[in-house]
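Asks: The structure is given below, and queries will be raised subsequently.
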Amino acid sequence: MNIVKRLSQVSTKGLYWLLIICFLVTAAFPILWMVTAAFRPNIELSSDPFGIPSTLTLENFKTVFTDSNVLTYIKNSGIVSAVSLIAIVLLSSMVSFAISKMRFKGSKGIFRYFLVGLTIPQAVTLIPLFIMFTKLNIIDTRMSVILPLVAFQLPVSILLFVNFYRYIPDEIIEAAVIDGCGVYRVFFSIIFPLSLNTILTVLAMNFITVWNDYIFSLVFINSTALKTISIGLQDFIGPRGLTDWGATFASICLSTLPTLLIYFGLNKKMTAGLTLGAVKS
């Protein structure tokens, strides 16, 4: 009986690891193929895109750095991402602190109002935003991309901060107030430093969304000097749909590198931030 039980456990564990390996191979294959394609000549990619590479070259990256505006697009994406993330973290953390700890009349209603933003698709706001930004004369500026990105990322960020702040003891804030701290000093000296894991979680989650933004950049940005990397990849599509695939994949590698670094670098902090406060101690 023990032998049968042990064989069952071994077979279950073997099936488990087989599924894990299949999942990892399925998830990793597109990334590995993309990196390999970035170093393959265009002729090879056209004739045998999924075959084993026979030659590798750096010409695709040379084309990207010398004959395209990809570095400008990456710089623009970096500026948009940095400004958006700073605004998202500051606004969402301060709003969440007010909702969770100041307990003013209507705070729950304001929290529900922000959560409604989770249900609104970005596409339905494009025409109203375009009309509004045209009247404000900010079309074809970075601000026309930053403002909607911040607005659409605030609801989920506020949700994360509110769930964390609920488990910060009120006695800490009361002691600080008794010692003479004002609201802003309590927040920036006590609450904000305690929120490090949640801040890193918000940064990691929103960076991926903001960096990869396509729809707002496509609609509101016209000039080449302000294009972000997501829409700048279209530059490699030539007349009649002819595409420089080697340079395209090289650009994609460069554009995905920051998101991969952020994700793997903050993975542990991100997991801790998502689970912190799930169980009250």
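Asks: Can you pull out every residue in the stretch 30-54 that is of a type in the set (Lys, Arg) and either open to solvent by 60 Å² or more (accessible area, probe 1.4 Å) or touching a strand residue (DSSP E or B) at 6+ places or on another chain (Cβ under 9 Å) (or both)?
Replies: Residues satisfying the conditions do not exist here.
This table checks each residue for (1) within 28 Å of ILE231 (Cα to Cα); (2) touching a helix residue (DSSP H, G or I) at 6+ places or on another chain (Cβ under 8 Å); (3) surrounded by 14 or more Cβ atoms within 10 Å (Cβ to Cβ).
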residue: SER100; (1), (2), (3): no, yes, yes
residue: ARG103; (1), (2), (3): no, no, no
residue: PHE114; (1), (2), (3): no, yes, yes
residue: ILE127; (1), (2), (3): yes, no, no
residue: ILE131; (1), (2), (3): yes, no, no
residue: VAL150; (1), (2), (3): yes, yes, yes
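Asks: Any idea which of THR198, THR134 is hydroxyl-bearing (Ser, Thr, Tyr) and in contact (Cβ under 8 Å) with a residue 12 or more places away in the chain?
Replies: Among THR198, THR134, only THR198 is hydroxyl-bearing (Ser, Thr, Tyr) and in contact (Cβ under 8 Å) with a residue 12 or more places away in the chain.
Asks: Please go through the stretch 113-123 and give me each residue that is assigned to a helix (DSSP H, G or I) and under 18 Å from THR209 (Cβ atoms), ordered by number.
Replies: Passing the criteria: PHE114, LEU115, GLY117, LEU118, THR119, ALA123.
Asks: Among (1) surrounded by fewer than 19 Cβ atoms within 10 Å (Cβ to Cβ); (2) over 24 Å from the mean Cα position of the chain (by Cα); (3) touching a residue at least 24 places away in the same chain (Cβ under 8 Å), where does GLY180 come up short?
Replies: Of (1) surrounded by fewer than 19 Cβ atoms within 10 Å (Cβ to Cβ); (2) over 24 Å from the mean Cα position of the chain (by Cα); (3) touching a residue at least 24 places away in the same chain (Cβ under 8 Å), only one is false for GLY180: (3).
Asks: Here's another thing I want to ask about it. Kindly indicate which of GLY106, GLY117 is farther than 15 Å from ILE199 by Cα, under 19 Å from the mean Cα position of the chain (by Cα) and free of Cβ contacts under 8 Å to residues at least 40 places away in the same chain.
Replies: Among GLY106, GLY117, only GLY117 is farther than 15 Å from ILE199 by Cα, under 19 Å from the mean Cα position of the chain (by Cα) and free of Cβ contacts under 8 Å to residues at least 40 places away in the same chain.
Asks: Then there's this: Could you give me the residue pairs with C-beta distances under 8 Å whose first residue belongs to the stretch 209-236 and is more than 9 Å from VAL145 (Cα to Cα) and of a type in the set (D, E, K, R), whose second residue is open to solvent by 40 Å² or more (accessible area, probe 1.4 Å) and at pLDDT 90 or above wherever it lies, and which are 6+ apart or on separate chains?
Replies: LYS227/THR72
Asks: Another one. Residue check, LEU160 against (1) more than 24 Å from VAL80 (Cβ to Cβ); (2) open to solvent by less than 40 Å² (accessible area, probe 1.4 Å); (3) of a type in the set (A, V, I, L, M, F, W, C), all met but one. Which one?
Replies: With (1) more than 24 Å from VAL80 (Cβ to Cβ); (2) open to solvent by less than 40 Å² (accessible area, probe 1.4 Å); (3) of a type in the set (A, V, I, L, M, F, W, C) applied to LEU160, the lone miss is (1).
Asks: Do we have ILE237 as among the hydrophobic types (A, V, I, L, M, F, W, C), at pLDDT below 80 and under 29 Å from ILE138 (Cβ atoms) here?
Replies: It is true that ILE237 is among the hydrophobic types (A, V, I, L, M, F, W, C), at pLDDT below 80 and under 29 Å from ILE138 (Cβ atoms).
Asks: Check every one of the helices (runs of 4 or more DSSP H) wholly within the stretch 134-249 and list those with 2 or more residues that are closer than 24 Å to VAL70 by Cα.
Replies: Per the criteria, 143-165, 196-211, 215-220, 229-232.
Asks: Now a separate question. Within the stretch 55-77, how many residues turn out to be open to solvent by 30 Å² or more (accessible area, probe 1.4 Å) and in contact with a Pro (Cβ under 9 Å, 6 or more places away or on another chain)?
Replies: Of the residues in the stretch 55-77, 5 are open to solvent by 30 Å² or more (accessible area, probe 1.4 Å) and in contact with a Pro (Cβ under 9 Å, 6 or more places away or on another chain).
Asks: Of the residues in the stretch 214-253, how many are within 30 Å of THR125 (Cβ to Cβ) and open to solvent by 30 Å² or more (accessible area, probe 1.4 Å)?
Replies: Number of matching residues: 15.
Asks: With the structure loaded, tell me whether VAL150 is of a type in the set (A, V, I, L, M), touching a residue at least 60 places away in the same chain (Cβ under 8 Å), touching a Phe, Trp or Tyr at 6+ places or on another chain (Cβ under 6 Å) and under 30 Å from VAL219 (Cα atoms) or whether it fails that test.
Replies: So VAL150 fails the test.
Asks: Here's another thing I want to ask about it. Of the residues that sit in the stretch 47-90 and are free of Cβ contacts under 8 Å to residues at least 12 places away in the same chain and assigned to a loop (DSSP other than H, G, I, E, B), which one is farthest from VAL210 (Cα to Cα)?
Replies: Checking each candidate, the answer is SER54.
Asks: Any residue at all in the stretch 1-14 that's open to solvent by 80 Å² or more (accessible area, probe 1.4 Å), modelled with pLDDT of 85 or more and more than 23 Å from ALA151 (Cβ to Cβ)?
Replies: Within the stretch 1-14 (the criterion being open to solvent by 80 Å² or more (accessible area, probe 1.4 Å), modelled with pLDDT of 85 or more and more than 23 Å from ALA151 (Cβ to Cβ)), the answer is no, since none of the residues qualifies.
The values are calculated or read from the model by the stated rules, or taken from the named source; none is laboratory data. All of these numbers come straight from a predicted model, not from anything done at the bench. All Cβ positions, glycine included, derive from the backbone under ideal geometry; neighbour counts span all protein chains shown. When the accessible area is computed, the model is the full protein with side chains, heavy atoms only, and any ligands, DNA or RNA have been set aside. Shrake-Rupley method; radii C 1.70, N 1.55, O 1.52, S 1.80 Å.
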